[in-house]
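Scroll down for the structure; my scribbles are underneath it.
The values are calculated or read from the model by the stated rules, or taken from the named source; none is laboratory data. Note that the structure is predicted; figures quoted are calculated from it, not measured. Here Cβ is always computed from backbone atoms with ideal geometry, including for glycine, and neighbour counts include all displayed protein chains. Keep in mind that these areas ignore ligands, DNA and RNA; they rest on the heavy atoms of the full protein, side chains included. Shrake-Rupley method; radii C 1.70, N 1.55, O 1.52, S 1.80 Å.
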Amino acid sequence: MAEPILQTQSLTVTAGSRTLLRGVSLSIHEKQVFGLIGPSGAGKSTLLKCLNRLLELTPALKVSGVVRFHGESIHGPTVDADALRSRIGILFQQPIVFPKSVFQNVVFGVKHLGVIQKSALPEVAEQALREASLWDEVKDRLHQPALRLSVGQQQRLCLARTLASQPEVILMDEPTSALDPKSTEAIEQLIVRLKKTHTIVLVTHNVRQARQLADQLACICLRDGAGEVISQGEPCDVLCSNCAPEIEAYLAGG
Amino acid sequence: MHRKLIHHGFRFFTGLCALACCSVLMTLIWAIVQRGWPAISWRFFTEQILLVGADGGIFYNILGTLILLATTVVVSTPLALGLALLHGVYLQGNRWRSHLTLLIYVLNGVPSILFGIMGFIVFVHYLDWGKSWLSGGILLGLIIVPTVTVALVERIASLPSCYIEAAAGLGLRQSQIIRFVILPQSINGLVTGTLLGLARAAGETAPIMFTATIFAGATVPNAVKESPVLSLPYHIFILAQDSFDPSVSAKIWGTALSLLGIVFLLSLIALPARLKIHEEAHHG
Ligand SMILES: Nc1ncnc2c1ncn2[C@@H]1O[C@H](COP(=O)(O)OP(=O)(O)O)[C@@H](O)[C@H]1O
Ligand SMILES: [Mg+2]
């Protein structure tokens, strides 16, 4: 198999004396959906934020171990964390829109990267909104406050905002758990479509979603109070394996 | 039954406290308006002092106070912004942060007369400015820095961290996050804090009496050295020592009313801006 686009090796996260994640080693391949499941509090969000160095915003948390992006450590001395984050976008559980217009939200990231002329922004915004299947719904209200959109639309707006910067990888942290079934379906269809052009890391609580969407799956569960990867591989193998009692308990519980 | 009694008793007591404060304020305003109103006329605002304060108006006193307040804003805004960003952004998770908090509170507790003495030593003597509007503005600016900083720090701290995470997740640099996320959403802290500070600075006498203001004879300053201004609080201070003369007494109350008017006006001017910012923050 080709070299993974993202790879972690014995990644450990500690908060003071407490270990949140222990020895996480994962390989994420290009143009695939990599699913992550596990009970809440297992450290899925923490792991996701390690992958684009967003965890550094929380000084209390210390990361050790290696994360490689295209084979190079993301903690290397020449790596610019801000530039890395524009190549590895992230979508949160709750849509976080800024108190600005729809248009200003879509271009919020790309505008400040300094790679695009101001005159080209409307075009970039339209393309990103089309990619996020939101264009038809908002094309007449681009200059209205984004907070007036429904939550489902807001989440797609956040996706459009991330897409506008043309990231290679999109990290999604339970992107549908705050949404109604219809919006959930819209996001799921988008994930299938985006997989052709992007690599997606999808944290989900929803076993059906993981089974349907993921090409590779890892399960993180708590062992001795710290999150560990208990199994990874093809979704059916991970979800059907009865080797680890934690997975069975997790599947039975939710 | 017993607990209910305590509950009602306590509520009554807190209401009483509010009532006491309100009535003190109302009495004060009433007293000033009642006695000051007869002195108010167009001439009072447009003429300069005549007959050692017994006649004429307070045009240059109002102008001098406004010059001092404008300088105060220019000095306090960058300092408070710097301190608040240091506190809320750069020292996050750093042990120096609590030292900075302490520093801000200590600065807030320094009596204003000490600022006056410091200004006298540094500006009047060491820099040899004599009395100057600039020293007064700088000192008043330093005095209100803690008020403005605390208001800003509180706004920044109440900013949901998810906004900062979202902006950082899009690849924005820290300076861009400050400029486009943190400042726009905390600017009303700056406005509120500056207003509170200015309302206090407008009436401060101790820091400007040795350094910036004289009783009569100054007009519009056109330099830094030896360029004092007249001011409202110092005018009240001097006239009050001579208040047996009924014509002077009317002028004192008129001046006090003008000072009160300026403070209220400042809040009124900023009210629309504050409401608008509030609206934007909550409804986009
Ligand atoms: N800043 C922090 N300091 C200390 N502990 C934290 C911090 N952030 C998260 N945690 C802890 O890390 C654990 C994992 O959290 P999280 O990654 O959000 O789990 P998940 O996304 O799987 O539900 C939780 O037990 C949480 O309490
Ligand atoms: Mg989570």
Going highest first, how would you order B:204-212, A:90-98, A:192-200 by mean Cβ packing within 10 Å?
B:204-212, A:90-98, A:192-200
Under the rule rounded for a/c under 1.5, else prolate if a/b exceeds b/c, else oblate, using alpha carbon gyration tensor axes a ≥ b ≥ c, segment B:193-243 is classed as oblate
Chain A: angle of helix A:121-131 to the longest principal axis, Cα-based, in degrees nearest 10
50 degrees
Taking the Cα atoms only, what angle lies between the long axis of helix B:133-158 and the longest principal axis of chain B, rounded to 10 degrees?
30 degrees
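Given axes a ≥ b ≥ c from the Cα gyration tensor, I'd like to know whether segment B:99-220 is rounded (a/c under 1.5), prolate (a/b larger than b/c) or oblate.
Working: a/c = 2.74, a/b = 2.58, b/c = 1.06.
The shape class here is prolate.
Hey, any idea what Rg/Rh is for segment A:1-72, computing Rh the Kirkwood way over Cα pairs? Display every interim value, and only then the final one.
Working: Rg = 12.4 Å, Rh = 12.8 Å.
Rg/Rh: 0.97.
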Inside 10 Å of the C-beta atoms of B:159-168, what's the mean count of C-beta atoms belonging to other chains?
5
Can you quote the Å³ per residue value for the convex hull of the Cα atoms in segment A:34-147, rounded to an integer?
161 Å³
Which three extents, in angstrom, do the Cα atoms of segment A:172-239 have along their principal axes, listed largest first?
38, 25, 19
Cα-based Rg/(2.2 N^0.38 Å) for chain A, rounded to two decimals, is 1.01
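Tell me the mean residue ellipticity at 222 nm calculated for chain A from its helices only (DSSP H runs of n ≥ 4, each -39500 (n - 2.57), averaged over every residue, nearest 500).
Details: 11 runs with 91 residues, N = 254.
Here the helix-only value at 222 nm equals -10000 deg cm²/dmol.
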Restricting the count to DSSP beta bridges whose residues both fall in the protein assembly as shown, what percent are antiparallel, rounded to a multiple of 5?
55 percent
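What's the average, rounded to a whole number, of partner chain beta-carbon atoms within 10 Å of each residue's beta-carbon in B:170-182?
On the way: counts 17, 18, 8, 7, 3, 0, 6, 3, 0, 1, 5, 2, 0.
The mean count of partner-chain Cβ atoms within 10 Å per residue comes to 5.
Per DSSP H run of at least 4 residues, take -39500 (n - 2.57); add these up for chain B, divide by its residues and hand me the 222 nm value, nearest 500 deg cm²/dmol.
Details: 12 runs with 200 residues, N = 284.
-23500 deg cm²/dmol, from helical runs alone.
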May I ask you to evaluate 6.51 cos²θ - 1.76 cosθ + 1.60, the Karplus curve with θ = phi - 60°, for each residue of segment B:27-34 and list the ³J(HN,Hα) values in order in whole Hz, giving x for glycine and proline?
4, 4, 4, 4, 4, 5, 5, 4
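Report the A-B buried area as the accessible area lost on both sides summed, probe 1.4 Å, in Å² to the nearest 100. Don't skip to the answer; put the middle values down first.
On the way: alone 11970 and 16240 Å², together 26180 Å².
Counting both chains, the buried surface is close to 2000 Å².
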Suppose the Debye formula is applied to equal point scatterers at every Cα of segment B:155-243; what is log10 I(q)/I(0) at q = 0.11, 0.19 Å⁻¹?
-0.57, -0.86
Taking a label point 7 Å from the Cα of residue A:177 along the Cα→Cβ vector, which residues of segment A:190-234 have an amide N closer than 14 Å to it?
A:202-210, A:220-222
Within the protein assembly as shown, what whole-number % of the accessible surface is contributed by carbon and sulfur, with the 1.4 Å probe and all protein chains included in the calculation?
61 percent
Straight-line reach only, C-alpha to C-alpha below 18 angstrom: list the lysines that residue A:44 could link to, leaving out same-chain residues fewer than 8 apart.
A:62
Please tell me the relative contact order of segment B:1-102 in percent, rounded to the nearest whole number, where contacts are Cα pairs under 8 Å and at least six residues apart.
11 percent
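When a/c reaches 1.5 or more, the comparison of a/b and b/c decides; with that in mind, is chain B rounded, prolate or oblate per its Cα gyration tensor?
Working: a/c = 2.06, a/b = 1.36, b/c = 1.51.
Since a/c reaches 1.5 but b/c is at least a/b, the shape of chain B is classed as oblate.
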Helix B:246-283: inclination vs chain B longest Cα principal axis, degrees, rounded to 10, gives 20 degrees
Bounding extents of the protein assembly as shown in its principal axis frame from Cα atoms, largest first in Å, are 99, 70, 49
Label-to-label distance, nm, for residues given as residue B:90 and residue A:197 (7 Å Cα→Cβ offset):
4.1 nm
What's the center-to-center distance, using Cα atoms, between segment B:48-87 and segment B:115-161 in Å?
12 Å
Could you rank the peptides B:129-140, A:216-227, B:92-103 by their average count of other C-beta atoms within 10 Å per residue, with the highest value first?
B:129-140, A:216-227, B:92-103
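Let me know the mean shielding of A:159-172 by other chains, meaning the per-residue number of their Cβ atoms within 10 Å of its Cβ. Mind showing how you got there, number by number?
Values: counts 0, 0, 3, 4, 0, 1, 2, 0, 3, 0, 0, 0, 1, 0.
The mean count of partner-chain Cβ atoms within 10 Å per residue comes to 1.
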For the ranges B:39-48, A:100-109, what's the packing order if you count other beta-carbon atoms within 10 Å of each residue, average per peptide, and put the highest first?
A:100-109, B:39-48
Describe numerically, in nm with one decimal, the distance between label points set 7 Å from Cα along Cα→Cβ at residue B:271 and at residue B:107.
3.1 nm
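Relative contact order of segment A:1-115: what whole-number percent is it, with Cα pairs under 8 angstrom and at least 6 residues apart? Please report the intermediate quantities before stating the final value.
On the way: 130 pairs, mean separation 31.1, N = 115.
Relative contact order here is 27 percent.
So what is the relative contact order for chain B, in percent, with contacts set as C-alpha pairs under 8 Å and at least six apart?
Working: 371 pairs, mean separation 75.6, N = 284.
Over chain B, the number comes to 27 percent.
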How much of the DSSP beta bridge set in segment A:125-254 is antiparallel, as a percent to the nearest 5?
60 percent
Run the simple label-point estimate for residue B:175 and residue A:75 please: 7 Å along Cα→C-beta, distance reported in nm.
2.8 nm
Mean projected area (nm²) of the alpha-carbon convex hull when segment B:25-118 is viewed from all directions:
9.8 nm²
Here the residues of segment A:95-110 whose accessible area is at least 20 Å² smaller with all protein chains than in the chain alone (probe 1.4 Å) are A:96, A:98, A:99, A:100, A:108, A:109
